[in-house]
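One structure is given below, encoded as structure tokens.
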Amino acid sequence: MLPSLQESVEGDERELESSEEGGGPAEERRPERSSNSYYCLYGYRCCSSSEQATGSEDGSPSSTTPETPSAEDFSLSLVDTNLPAEAETELRSFIAKRLIKGALFEGMGNVASVELSIPEYRVGCYYCLLHQEKLLETATVESNISHPEYVVCFLGGSEKGLELFRLELDTYVQGLKTNLDSEKGNLETCFKQYLKSWFEDSVWPIQRVVQLFQEKLAFLLHAALSYSPVEVKHSDERTKKDIKRFQSAASLQGLIQEGTMTSLCIAMTEEQHKSVMIDCSGPQPQFHNAGSNKFCDDWTQAFLNGAEGGNPFLFRQILENFKLKAIQDTNNLKRFIRQAEMNHYALFKCYVFLKNCGSGDILLKIVKVEHAEMPEAKNVITVLEEFMRETAVA
């Protein structure tokens, strides 16, 4: 592997291990076991605006706004948890302080580090405010009824590790909300198993995909970078969802311009005419219409090396580094192309870079789409394509 890749992976592994162990002398640290995961669900009741407007007992208006309630303006009632009683009490105090500071927002979670007596180390905590839409519509009809709200907490790993999965957890909480709104029953009775499965469904998928595909993971990485559609056949639903989540996490969506991404998706679909097919009917998954390159092969080895430690948070950090390196290479190529518009030596630098970066096939497609309306840059890219074809034939 490239030295920069190896250093990046080893550095992230050390940093994640350090953050999971916590502070203090080494002999007092208790390393995290990634299988330890907890959840907690609170019912949250806040005074309505009409109640707060009545103010204090002497009739004077209250100075506390609905956005920053005081401890007397709300209540937290435990709905369900798998935390021991003492740890739950500590978590409740933490959430109450966050509510007082106005640090909870509906549908958009935060991650912080919480020190609990059980499991006796600092643990990452994702927390999010959740409205039940159907009951909310009913509540607005009668002003005396408090808005039905919940606070969802997921605990596991370190703050740094859990932060890597914040978007997945936001999506997971929205799935809870969607299911809740479609049910006539309430959250307390319908969704205990959903809450209990948060770690398995949101954090483990990347590791399961790595373990399933091993060296063939390079095909998935290549498909994600090249925006190639992927179809999975003869597989159980969990594996299909895992692959979809991996592809979503591995793509450069949100890191390059949206218009470029859309155009690239269209271009790749038209060029290949076929999706990458994964057949899971046999003992080992088989790929059809798939491609790879040295860049994806090198990063696959990084994932396989990370599998020895069994830390799901490290896999996500490696995936983020994979995307970051792809973006850095894309930006470097763009810079060389701008220089090559006026300098023939820079054109040679573009060619050398494409040969050595390991992902020249994909980078050329990305910049070709982005520079489609720029004649001078387009001419440079055409020359580079010819050079790359001649090299491949030779």
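So, L180, is that one in contact with a Phe, Trp or Tyr (Cβ under 6 Å, 6 or more places away or on another chain) and at pLDDT below 95 or not? Give the steps one after another, and end with the answer.
Numbers: in contact with a Phe, Trp or Tyr (Cβ under 6 Å, 6 or more places away or on another chain): no; at pLDDT below 95: yes.
So L180 does not fit the description; no.
Which of the numbered conditions does R316 fail, given that it passes all the others? Conditions: (1) of a type in the set (D, E, K, R); (2) touching a Gly at 6+ places or on another chain (Cβ under 9 Å); (3) closer than 17 Å to N293 by Cβ.
Only one criterion is unmet by R316, namely (3).
Residue check: is C128 surrounded by 17 or more Cβ atoms within 10 Å (Cβ to Cβ) and modelled with pLDDT under 80? Can you show your working first?
Working: surrounded by 17 or more Cβ atoms within 10 Å (Cβ to Cβ): yes; modelled with pLDDT under 80: no.
Here the answer is no, as C128 does not meet what is asked.
Of the numbered conditions (1) of a type outside the set (K, R); (2) over 12 Å from P285 (Cα atoms); (3) not in a helix (DSSP H, G or I), V232 fails exactly one; give the number of that condition.
Going through (1) of a type outside the set (K, R); (2) over 12 Å from P285 (Cα atoms); (3) not in a helix (DSSP H, G or I) one by one, V232 breaks only (2).
Restricting attention to the range 359-369, report how many residues are open to solvent by less than 40 Å² (accessible area, probe 1.4 Å) and either part of a helix (DSSP H, G or I) or farther than 16 Å from D298 by Cα (or both).
Our first condition is that a residue be open to solvent by less than 40 Å² (accessible area, probe 1.4 Å); within the range 359-369, this holds for 359-360, 362-364, 366-367, 369.
Filter once more, keeping what is either part of a helix (DSSP H, G or I) or farther than 16 Å from D298 by Cα (or both): 360, 362-364, 366-367, 369.
So the answer is 7.
Take E390 and tell me if it is surrounded by fewer than 14 Cβ atoms within 10 Å (Cβ to Cβ) and assigned to a loop (DSSP other than H, G, I, E, B).
On the way: surrounded by fewer than 14 Cβ atoms within 10 Å (Cβ to Cβ): yes; assigned to a loop (DSSP other than H, G, I, E, B): no.
So E390 does not fit the description; no.
Check off (1) surrounded by fewer than 18 Cβ atoms within 10 Å (Cβ to Cβ); (2) aliphatic (A, V, I, L, M); (3) touching a residue at least 40 places away in the same chain (Cβ under 8 Å) for I381 and give me the number that stays unchecked.
In the conditions (1) surrounded by fewer than 18 Cβ atoms within 10 Å (Cβ to Cβ); (2) aliphatic (A, V, I, L, M); (3) touching a residue at least 40 places away in the same chain (Cβ under 8 Å), I381 misses (1) alone.
Quick one: I318 ticks every box in (1) among the aliphatic types (A, V, I, L, M); (2) crowded, with 17+ Cβ neighbours inside 10 Å; (3) in a loop (DSSP other than H, G, I, E, B) bar one, so which box is it?
Failed condition: (3).
Taking the range 291-306 only, how many residues are part of a loop (DSSP other than H, G, I, E, B) and either open to solvent by 40 Å² or more (accessible area, probe 1.4 Å) or of a type in the set (F, W, Y) (or both)? Before the answer, list the steps.
Let us first name the residues in the range 291-306 that are part of a loop (DSSP other than H, G, I, E, B), namely 291-293.
Checking which are either open to solvent by 40 Å² or more (accessible area, probe 1.4 Å) or of a type in the set (F, W, Y) (or both) leaves us with 292.
Matching residues across the range 291-306 total 1.
Rundown of residues vs (1) modelled with pLDDT of 90 or more; (2) over 17 Å from M108 (Cβ atoms); (3) open to solvent by 30 Å² or more (accessible area, probe 1.4 Å); (4) touching a Phe, Trp or Tyr at 6+ places or on another chain (Cβ under 6 Å), yes/no style:
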site: A139; (1), (2), (3), (4): no, yes, no, no
site: P148; (1), (2), (3), (4): no, yes, no, no
site: G156; (1), (2), (3), (4): yes, yes, no, yes
site: G161; (1), (2), (3), (4): yes, yes, no, yes
site: L167; (1), (2), (3), (4): yes, no, yes, no
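The values are calculated or read from the model by the stated rules, or taken from the named source; none is laboratory data. Worth saying up front: this structure is predicted, and the values here are computed from it rather than measured. Heads up, the Cβs are rebuilt from the backbone with ideal geometry, glycines too, and the neighbour counts pull from every protein chain shown. These accessible areas exclude ligands, DNA and RNA; they are computed on the full protein's heavy atoms, side chains included. Shrake-Rupley method; radii C 1.70, N 1.55, O 1.52, S 1.80 Å.
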